[in-house]
Protein chains: 2
Amino acid sequence: MIGAGFAGLRAVRRLATEPVDVVLVDRHNYNTFQPLLYQVATAGLDEGGVAHTIRAIFADDANVEVELGTVTGVDLAARKVHLNGGSVGYDALIIAAGATTNDFAIPGVSDHAFPLYTLAEAIRLREHVLCCFEDAERDPALVDEGALTVVIVGGGPTGVETAGTLAELFTKVLSRGYRNIDVRRSRVVVIEMGTELLASFRPASRRHALESLDERDVEVRFGARVAEVSARGVRLASGEELATHTVVWTAGVRPNPLADHLELEQAPGGRIVVEPDLSLPGRPEVFVVGDIAAPRDRAGRLLPQLAPVAMQTGTHAAEQILRARDGKPTKAFRYRNKGTMATIGRHAAVADLPLRITLRGTIAWFAWLLLHLIYLIGFENRAQVLVQWAWNYWTWNWGPRLVIGRDA
Amino acid sequence: MIGAGFAGLRAVRRLATEPVDVVLVDRHNYNTFQPLLYQVATAGLDEGGVAHTIRAIFADDANVEVELGTVTGVDLAARKVHLNGGSVGYDALIIAAGATTNDFAIPGVSDHAFPLYTLAEAIRLREHVLCCFEDAERDPALVDEGALTVVIVGGGPTGVETAGTLAELFTKVLSRGYRNIDVRRSRVVVIEMGTELLASFRPASRRHALESLDERDVEVRFGARVAEVSARGVRLASGEELATHTVVWTAGVRPNPLADHLELEQAPGGRIVVEPDLSLPGRPEVFVVGDIAAPRDRAGRLLPQLAPVAMQTGTHAAEQILRARDGKPTKAFRYRNKGTMATIGRHAAVADLPLRITLRGTIAWFAWLLLHLIYLIGFENRAQVLVQWAWNYWTWNWGPRLVIGRDA
């Protein structure tokens with residue numbers, strides 16, 4: 001089992017109760033609840049609330065072995081996974097190595113932009129934004145240079161959620177703390193290549209998202225393409241320059257480099273092509289699931305790289321391994337779309353549910369809160385997130401504004 | 001006001017309600033609740049629970065300005081505090097710059113030992129210990145080299161608390177997670193130069209601390225002196241070598257280097273000598289409080305570097321500034337000893353209270369829990385710590401075992 005994200009954890013949980021030996025490999029010792037990463041980046045939640053130690057999850061499953069390591073390659077013929085310092089043989093393999101940020105080879109992105117895909121990245125973005133405010137408090141001239149301006153590239157769910165929450169952080173939370181700078185001069189700008197925010201959502205949801213960002217004074221630029229990112233600004237393809245100290249990069253992901261490394265057939269975008277049962281063509285003992293895989297729906301369309309797809313493909317792969325062990329034929333994967341959600345800020349969210357039900361505003365926001373609490377792993381994390389949300393809601397004095405760095 | 005530790009915060013809180021302008025300078029944007037740092041280091045509490053953003057504390061006090069920066073010097077004649085990038089003038093000054101770890105110039109300590117005085121240090125120790133276990137799980141031969149051995153130098157409260165809690169972490173928590181290593185082979189060793197643990201406590205408390213560590217299989221070496229620390233072990237003055245990957249340094253503190261830098265009269269140990277009213281000799285507008293100061297009790301003995309002394313001296317200095325403003329003479333500082341406590345582990349703590357009352361065991365432990373909850377800053381931190389303590393108590397499956405590092 002490679003990867004302890006949504007897909008990997010679901011697969012291991014399904015296998016943990018069966019008489020099979022499982023080795024779970026991940027490069028971190030914790031699972032990250034990615035849908036709430038943007039709240040860590042925007043000082044709304046502590047890092048501890050959205051991460052869960054993998055060993056703690058499987059502490060009582062004696063047949064699950066957790067190994068911390070980076071996968072350097074897979075020898076499909078010899079049925080071996082190579083790690084930095086060792087290798088693990090397998091009878092059946094599930095590859096759930098996930099995705100990583102795609103910089104589309106745009107100059108300066110990998111050096112100067114802040115991605116938002118791992119926990120360490122979320123903490124780094126939070127500490128950077130807070131340091132920008134501290135710098136400007138000491139030297140208010142920096143405000144003119146864009147110290148209080150955040151440019152978010154990408155109008156998908158992560159971009160919209162980060163933009164709306166940052167705007168609330170600036171106008172409601174940080175506005176009370178500083179004496180030398182006028183926090184009303186802070187700006188949040190979203191740059192979207194296309195003509196819509198949340199392009200995968202229904203039209204009513206897209207409109208509500210745009211209106212909600214507008215109410216929060218977030219500027220949205222459509223049809224804008226980033227040509228270059230530097231430490232002090234963004235240059236658009238049109239030639240226009242935006243002065244900013246913070247560029248958040250949510251323009252897209254690409255599969256984990258392992259997908260290229262394995263030299264397997266890849267779908268457009270680089271995801272690994274799989275059979276309808278999610279196994280690798282010609283390798284019935286290997287399954288590929290989650291963001292690194294390219295499963296398709298019945299109409300042949302690629303499924304999106306979302307948490308529900310990852311969870312369902314993870315469970316499905318585990319079940320097919322058990323069926324194969326029992327001599328049964330494998331089944332094709334069927335995605336059950338339970339809907340998609342995004343939250344823009346307090347009392348502002350959208351939810352596209354099945355049966356053409358679309359929720360907006362406060363009801364969607366409460367549904368979003370409830371659902372994320374349910375899907376969080378562990379009572380302790382749920383309690384902690386609930387306490388912080390309640391506190392943030394009543395006081396607007398968000399706690400997790402720490403700049404710890406590494407100055408031990 | 002220099003420093004936002006226990007002393008600095010108390011002073012600023014006292015001044016915040018008065019018609020005076022306060023500038024609070026600290027190198028971090030948060031206050032650390034140091035008595036619980038060892039619980040961050042031992043994976044019992046999240047870093048967010050023991051830290052509080054300074055701006056959040058004074059968000060509604062318009063007369064308090066917070067400045068993030070490092071003090072590079074104080075010009076007492078010109079009444080100016082120099083910072084990295086700027087300076088702040090003052091009418092009255094409180095120096096509460098605290099202390100730092102003292103390596104006593106023993107070779108290898110600053111490079112290889114883990115101090116436990118700042119939040120970043122606590123996180124670093126936690127991540128290091130967990131990585132040692134992960135390394136040993138991959139390569140069990142490392143156990144013989146001391147990968148699962150922690151040597152704690154210093155038998156004061158921090159050393160005792162860290163030792164007892166690490167032993168519980170190893171035998172109760174981590175024992176359930178690993179498959180390839182026998183966690184019972186882990187060792188916790190305390191090295192104490194003198195003949196007693198908790199030398200400042202009463203004899204009954206010292207005995208209970210030693211017994212409690214003994215019950216947890218912590219080895220205590222008295223009369224042992226560290227000659228050198230390396231990445232792979234400790235050499236004692238006797239010539240004996242202990243193989244370990246982790247040396248925790250709680251042997252003592254020395255005042256912030258600012259104390260030397262200011263070229264003022266220093267007491268033995270380097271703390272700044274103060275008048276009975278805590279002002280600097282010859283500088284009635286400057287007060288020195290907390291761990292960097294050398295206040296004395298009525299018998300002329302130096303007061304210990306403890307949180308209660310810091311808090312009381314901080315408040316006292318603020319009150320004397322207000323008295324001087326009103327043309328009143330200043331008062332001498334009187335320390336009200338409310339007792340000292342240390343906790344060794346679950347249901348094991350000691351408390352030396354006034355009137356010769358000494359508490360031990362479960363009752364001391366509950367008193368310790370309650371008192372630390374009360375003194376934590378902010379409802380949110382209290383709620384978070386309470387949730388984590390309750391969870392840890394019932395499940396022995398401590399959550400905050402994250403190794404996040406900086407691999408963004």
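The stretch A:247-267 and the stretch A:92-135 have Cα centres spaced 14 Å apart. Heavy atoms of the protein chains alone define the surface here; on that basis the stretch A:125-230 has 39 Å² accessible area per residue at 1.4 Å probe size.
For B:E228, the amide hydrogen comes within under 5 Å of the amide hydrogens of B:R235, counting only partners 5 or more places away or on other chains and with H modelled in the peptide plane. With no solvent and one equal point scatterer per Cα, compute the Debye intensity ratio I(q)/I(0) for the protein assembly as shown at 0.05, 0.06, 0.08 Å⁻¹ and report its log10, rounded to two decimals. Reported log10 I(q)/I(0), two decimals: -0.29, -0.43, -0.75.
Percent relative contact order of the stretch B:235-316, based on C-alpha pairs within less than 8 angstrom and at least six residues apart?
Computed over the stretch B:235-316, the figure is 18 percent.
In order along the stretch A:71-79, phi translates into HN-Hα couplings of 6, 9, x, 10, 9, 5, 5, 8, 6 Hz, rounded to whole numbers, per the Karplus curve 6.51 cos²θ - 1.76 cosθ + 1.60 with θ = phi - 60° and x for Gly and Pro.
Spin-label model, A:D60/B:K331: points 7 Å from Cα along the beta carbon direction are separated by 5.7 nm.
Interface residues of the stretch A:156-199, defined as those with an accessible-area decrease of at least 20 Å² between the chain by itself and the complete set of protein chains (probe 1.4 Å), are A:R176, A:G177, A:R179, A:N180.
To the nearest 100 Å², how much accessible surface do chains A and B hide from each other in total, with a 1.4 Å probe?
Chains A and B together bury roughly 5100 Å² of accessible area.
If the chain linking A:A227 and A:R301 were pulled fully straight, counting 0.36 nm for each residue of separation and taking away their Cα-Cα distance, it would gain 23.6 nm. Inter-copy label distances at B:G405, shortest first and taken from points set 7 Å along Cα to Cβ: 2.1 nm. Accessible area of B:D46 (1.4 Å probe, protein heavy atoms only, ligands and nucleic acids ignored): about 10 Å².
Counting only alpha carbon atoms, the long axis of helix B:361-375 and the longest principal axis of chain B meet at about 40°.
The angle between the Cα long axis of helix B:157-168 and the main principal axis of chain B comes to about 30°, on a 0 to 90 degree scale.
Considering only protein heavy atoms, what per residue accessible area in square angstrom results for the stretch A:309-408 with a 1.4 angstrom probe?
Roughly 47 Å² per residue, with all protein chains present.
For chain B, carbon and sulfur atoms together expose 51% of the accessible surface, with a 1.4 angstrom probe and every protein chain in place.
What separates the B:A227 label point from its copies, with the point 7 Å along Cα to Cβ, is 6.8 nm, written shortest first. In a fully extended conformation the segment linking A:D75 and A:S238 would gain 54.0 nm over its present Cα-Cα distance, using 0.36 nm per residue.
Report relative contact order for the stretch B:117-274 in percent, whole number only (criteria: Cα-Cα under 8 Å, sequence separation at least 6).
Relative contact order of the stretch B:117-274: 25 percent.
Of all beta bridges that DSSP places with both ends in the protein assembly as shown, some 55 percent have antiparallel geometry. Mind checking the angle between helix A:203-215 and chain A's longest principal axis? C-alpha axes, 0 to 90 degrees, to the nearest 10. Approximately 40 degrees, to the nearest 10.
For chain B, what is the relative contact order in percent, using Cα pairs closer than 8 Å and at least 6 residues apart in sequence? Normalised by residue count, the contact order of chain B is 20 percent.
Between B:D139 and A:E18, the C-beta separation translates, for a Förster distance of 22 Å, into a calculated FRET efficiency of about 0.15.
Using 0.36 nm per residue and subtracting the Cα-Cα separation, the extra length available between A:T358 and A:D214 on full extension is 49.8 nm.
Each residue of the stretch B:278-291 is assigned a 3J(HN,Hα), and the resulting list reads 6, 7, 7, x, x, 10, x, 8, 10, 10, 10, 9, x, 5 Hz, derived from the Karplus form 6.51 cos²θ - 1.76 cosθ + 1.60 (θ = phi - 60°), x at Gly and Pro. In the stretch B:68-82, burial by the other protein chains removes 20 Å² or more of accessible area from B:L68, compared with the chain on its own (1.4 Å probe, ligands and nucleic acids ignored).
Working note: Karplus 6.51/-1.76/1.60 with θ = phi - 60° gives the stretch B:36-53 the couplings 9, 4, 4, 6, 5, 5, 9, 6, x, 10, 6, 4, x, x, 10, 10, 9, 4 Hz, where Gly and Pro are set to x.
In chain B, helical runs assigned H by DSSP with n ≥ 4 each contribute -39500 (n - 2.57); averaged across all residues and rounded to the nearest 500, the mean residue ellipticity at 222 nm is -9500 deg cm²/dmol. Among the trypsin sites (Lys or Arg not before Pro) within the stretch B:55-124, those in coil by DSSP and having at most 16 neighbouring Cβ atoms inside 10 Å are B:R79. For the stretch B:13-58, the solvent-accessible area works out to 27 Å² per residue, with a probe of 1.4 Å and every protein chain left in place. Taking a straight Cα-Cα cut-off under 25 Å and skipping sequence neighbours fewer than 8 places away in the same chain, the lysines within cross-link reach of B:K80 are B:K328. Projecting label points 7 angstrom from Cα along Cα→Cβ for B:R27 and A:A105 puts them 4.5 nm apart.
A label point on A:Y393, set 7 Å along the Cα-to-Cβ line, lies at 2.6 nm from each of its counterparts in the other copies, closest listed first.
The values are calculated or read from the model by the stated rules, or taken from the named source; none is laboratory data. Bear in mind the structure is a predicted one, so any value in this text is a computation, not a measurement. Cβ sites come from the backbone with ideal geometry, for glycine too, and all protein chains shown count toward neighbours. Areas reflect the complete protein model, heavy atoms only, side chains present, ligands, DNA and RNA absent. Shrake-Rupley method; radii C 1.70, N 1.55, O 1.52, S 1.80 Å.
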